1. What dipole magnitude, in Debye to the nearest 20, does the range 306-461 give about its Cα centre under +1 on Lys/Arg Cβ and -1 on Asp/Glu Cβ?
2. Write down the percent of antiparallel bridges among all DSSP beta bridges whose residues are both part of the chain, to the nearest 5.
3. Enumerate the amide H contacts of Ile195 below 5 Å, restricted to partners 5 or more residues apart or on another chain; note that Pro and chain-start residues carry no placed amide H.
4. Answer rounded, prolate or oblate for the range 2-75, using the Cα gyration tensor with square roots of eigenvalues a ≥ b ≥ c: rounded when a/c is under 1.5, else prolate when a/b is larger than b/c, else oblate.
5. Given the Cα-Cα distance of Ala239 and Asp445 and 0.36 nm per residue of separation, how much length would full extension add, in nm?
6. Quick one: if the Förster radius is 60 Å, what FRET efficiency do Phe183 and Thr16 give, using the C-beta to C-beta distance and rounding to 0.05?
7. Starting from the Cα-Cα distance between Ala201 and Thr415, subtract it from 0.36 nm times their residue separation and give me the gain in nm to one decimal.
8. Give me the one-decimal nm value for the distance between modelled label points at Ser316 and Asn251, 7 Å along each residue's Cα-to-Cβ direction.
Amino acid sequence: MNDQLRQLPQIEAMLTSPTIGALIYTHSRDEVVAALRLTLANLRRAITKGDLVQLPDFVGDAFADRLRTVIEQERRLNLRAVVNATGIIIHTNLGRARLAPQAIEAMRDVGLNPSNLELNLTTGKRGSRYDHAEALICELTGAEAALIVNNCAAAVVLGLMGTAMGRTVVASRGELIEIGGSFRLPDVIAQSGAILREVGATNKTRLSDYAEAINDDTAVLLKSHTSNFKIVGFTSAPARRDLAKLAKDRNLILMEDLGSGVLIDLSPYGMTDEPVVADILRAGVDVVMFSGDKLLGGPQAGIIAGKADVIAKLRSHPLLRALRIDKLSLAALEATLRLYRAPHDPFQTIPVLKMLSEPLADVQARANALAAQLDGLVTTLVIPSDAYVGGGSLPQQGLQSVAVSIAHPDMTAETLADALRRAPVPVIGRIHQDQVLLDMRTVTDAELPLVVDAIGHARPQ
């Protein structure tokens, strides 16, 4: 061991060799030094552990190629595309909704070029970024007015600050949700400067509970859609129409945090627990907040839609500037919203909706095709699977799917999954009973070659 450790060269000495000098010429001295330090440290660690290590020719072409690979890996973007084979369509850790090609093109157009972000082309005077998609949102939801911020949590904060700061917000205990990252609705209400008044019990809240909690300080009745959990059994909650009448009779605002907003009915596909935004507003809710990057199928955004007088208050609030949507997200959102209008079929043009509505036979065919292409590389088995919408939506409603189970003779499931994450285009599956499952509902036909390539090059670290 000591002999091998003594044979490890000094970095400064190596920098004078022709092969390393060529690397410095094509890359940079700092990058080469960093790659040398990492490579030598790995060799030193292996020798110290007692592993059998064959020391390379430190001045040969093969070692230079090894360093070049390290440098190229370091040059990769940290944020990059992966293949989502988890079966979770809106995977928060994997960037939530895929964008439609039209949305990508819209982002490219306004990113490469100046745009009329805040210019009214008709008058030639300063315009508002919020005008570009407002009419579309109103058309698709029936709202009188709309506003867009950078995410749904921001929409809730702005909504409460603009209507209830220093006053009371009445909310059901059964709807005091926690969303991803340990963000809890009571904390959001507190940060807005409003005062939370909890009513009812965890499983039952009556209209009378809301009515009895209202006093002169009350400003808002807040309803939150429990999209990421479900309470079953002995439960009840007042209908939106009844809450809306109570709010109107008491001169209050009825606000709903919908979370994942749906613009079209998903019940034909077995998803009955996600209310349509237009139906919520028709029931009398004054203002509703929902996300752009979940079931809507667009970029990250928080959409506030509802009564014009409430939206006007929020539009004039000083906090809006800190929460405003950027031009690229705005371009993608407008392009996505336009795909909900004729002649487009959103179930064919918006990737999220296309995946959740794709016939099982098509998913099965994709699984069979992948298994055939993997023949000889790994052991495969095509099996039934359950996919999920994800993104905090419909947590108990699985989608029928098909997965390809893969096993490698020289790797455990954990080792194989790790190797797939280290592929040039990482492939993210899930492990079940010591096998890696690749769910084909969240993999496209175009991504199959990427999966095959990743598995073909999979090696233990």
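Laboratory data are not the source of any read-out in this text; all were calculated from the coordinates shown. Predicted model only: the values in this text are computed from it and were never measured. Positions of Cβ are backbone-derived with ideal geometry, glycine not excepted, and every protein chain shown enters the neighbour counts.
1. On the way: 15 positive and 16 negative charges, 222 e Å.
Around 1060 debye, computed over the range 306-461.
2. Numbers: 33 of 58 bridges.
About 55 percent, rounded to the nearest 5.
3. Long-range HN contacts for Ile195: Gly166, Arg167, Thr168, Val169.
4. Values: a/c = 2.09, a/b = 1.66, b/c = 1.26.
Because a/c hits 1.5 or more and a/b exceeds b/c, the range 2-75 counts as prolate.
5. Numbers: separation 206, 0.36 × 206 = 74.16 nm, distance 4.34 nm.
The Ala239-Asp445 span can extend by a further 69.8 nm.
6. Working: r = 55 Å, r/R0 = 0.92.
FRET efficiency, Phe183 to Thr16: 0.65.
7. Working: separation 214, 0.36 × 214 = 77.04 nm, distance 4.70 nm.
Here the segment from Ala201 to Thr415 would lengthen by 72.3 nm.
8. 1.8
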